[in-house]
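What follows is a short report on a single structure.
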Amino acid sequence: MTPAARVVAVVPAAGAARRFGSAKLLADLRGEPLLQLTLRCLLDAPVTEVVLVVAPGHELDTVPAARDQRVTLVLNPDPDRGMFSSVLVGLASIPRDCAALVLPADMPFVSVETVTLLVAAHAQHGDAVVASYRGRRGHPLIVPPQVWSSLVGKQPESNLKAALTDAGVVLREVSVDDPGVLRDVDVRSDLD
C-alpha cells in the first residue's frame, strides 16, 4: 500500500457566474452565503488546508469561513480562461507533497461525510478517486501529488476531465449516498 499524502482542497471561485447574475457565491442559501456552506463542508472534513482561488476585485473575503486560518486566498489574474485556469492556479500554490481535492465553490450541497469518505479512500491506496452517485461521477475528486503536478503545464483553457484523460489518469469511483456530488448552482432556481 502506498502511503497517502496530506490533502489540500482547491476551490475554484473565480468564475463570472454569467448565467446566475451577480454575486452567485454570496447568494443566500439556508440563511448563509452559498460559499460559506462549501467552505464549511471542507473545513469540517479531514483536509489540511483550503485554497480558495478568487478573481481580481472579489468580495469573497466577506464570507466568514473564507477568513478561517486554514483558508488561503489565491488570485487567478485571468479567470476568463475558464474554471480549469483556476484549478491550475490553485494546484500551483499547494505543497508538492500534498494530494489535491478539487471542489468547485458553487457545490454547496456536498456533505462532510462524502469528503471524509473520499479522503479515507484516497488514504487507503494513495490513488486518484472521484465521488460517484448512482453511477454518475461528480465532485469532489482527489488526485495524488504525482498526478496533479503533471497537470500544471496544461492549457488553462482546457478542462480538468480532459487534462486527466490526456495524462492517462484513471479515477477510481467511490460510491456515495450523496446527490450533492452532482449538484452545482448555475442559475438562481438551483438554490431551491
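The values are calculated or read from the model by the stated rules, or taken from the named source; none is laboratory data. Bear in mind that the values here come from a model prediction, so they are computed numbers and not experimental data. Note: ideal-geometry Cβ built from the backbone for every residue, glycine included; neighbour counts use all protein chains shown.
Checked against (1) over 15 Å from D97 (Cα atoms); (2) modelled with pLDDT of 95 or more; (3) among the charged types (D, E, K, R), E49 passes all but a single condition, namely (1). Elements of the type strands (runs of 3 or more DSSP E) sitting completely within segment 55-174 and holding at least 1 residues that are out of contact with any Lys or Arg (no Cβ under 8 Å at 6 or more places or on another chain) and among the β-branched types (V, I, T): these cover 71-75, 98-102, 136-143.
For segment 159-171, does any single residue satisfy the condition of being acidic (D, E), touching a Gly at 6+ places or on another chain (Cβ under 9 Å) and modelled with pLDDT under 95? Walk me through it before giving the result.
To start, the set of residues in segment 159-171 that are acidic (D, E) comprises 166.
If we keep only those that are touching a Gly at 6+ places or on another chain (Cβ under 9 Å) too, we end up with none.
No, that holds for no residue.
Scanning segment 63-117 for residues that are of a type in the set (A, V, I, L, M, F, W, C), more than 20 Å from A128 (Cβ to Cβ) and in contact with a helix residue (DSSP H, G or I) (Cβ under 7 Å, 6 or more places away or on another chain) returns V63, A65, A66, V71, L73, V74, A105, F109, V112.
The sole residue among L60, L35, L42, L91 that is of a type in the set (A, V, I, L, M), out of contact with any Pro (no Cβ under 6 Å at 6 or more places or on another chain), within 11 Å of A14 (Cα to Cα) and touching a residue at least 24 places away in the same chain (Cβ under 8 Å) is L60.
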